[in-house]
Structures are given as C-alpha cells and as structure tokens.
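Undergrad: One structure, as structure tokens, below. Some questions next.
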Amino acid sequence: MCVRCHRITDEPVTVAEVHQNSGPGWNVYACPECAPHLPPQPDPLDLLRAGHRRRRGDAE
C-alpha cells in the first residue's frame, strides 16, 4: 500500500526503511506515481556519525 495515496499497488517502490532497537524493522512503500514526491530519507548511520563527530568537536 502506498504511504502517500493509500492505494494498493502491484509495483511498490521502497521509499524508507524504519529501523528498530530490537527486532526487525520494516520498509515503507509508495506507488510509482507517488514515489518521486516523497523526500529522500537520511541514513541513520550517517546521522549517528555526524552526531558523534559534533560531540567530539570534529569538523564535518
């Protein structure tokens, strides 16, 4: 099912991955028509690295 228009699609496009602390995460899907309208999602590991560098005082 499309996260934007809520219609069932035979051609889902993965637009995000939801990560969990414990257990499996899940994928978020959109239909091909809606997918280009959704913003790209940041990689959680990149966000963690950037926060770690800021705490240490390193330049990004």
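Undergrad: What are the pairs, 6+ residues apart or on separate chains, where a residue within segment 22-48 that is among the aromatic types (Phe, Trp, Tyr) has its Cβ under 9 Å from a residue that is part of a strand (DSSP E or B) and surrounded by 12 or more Cβ atoms within 10 Å (Cβ to Cβ)?
TA: The qualifying pairs are Trp26/Glu17; Tyr29/Val13; Tyr29/Val15; Tyr29/Ala16.
Undergrad: Looking only at segment 20-35, count how many residues are polar (S, T, N, Q) and under 10 Å from the mean Cα position of the chain (by Cα).
TA: 1
Undergrad: Just the residues that are under 15 Å from Arg4 (Cα atoms), surrounded by 10 or more Cβ atoms within 10 Å (Cβ to Cβ) and within 12 Å of the chain's Cα centre (by Cα), please, taken from segment 36-60.
TA: Within segment 36-60, Leu38, Gln41 meet the criteria.
Undergrad: Output the number of residues of segment 5-19 satisfying the condition of being of a type outside the set (A, V, I, L, M, F, W, C), surrounded by fewer than 12 Cβ atoms within 10 Å (Cβ to Cβ) and under 12 Å from the mean Cα position of the chain (by Cα).
TA: Result for segment 5-19: 2.
Undergrad: Still on this model: Mind checking which residues of segment 11-60 are part of a helix (DSSP H, G or I), among the hydrophobic types (A, V, I, L, M, F, W, C) and at pLDDT 95 or above?
TA: Correct list: Ala35 only.
The values are calculated or read from the model by the stated rules, or taken from the named source; none is laboratory data. Source: prediction; values computed, not measured. Positions of Cβ are backbone-derived with ideal geometry, glycine not excepted, and every protein chain shown enters the neighbour counts.
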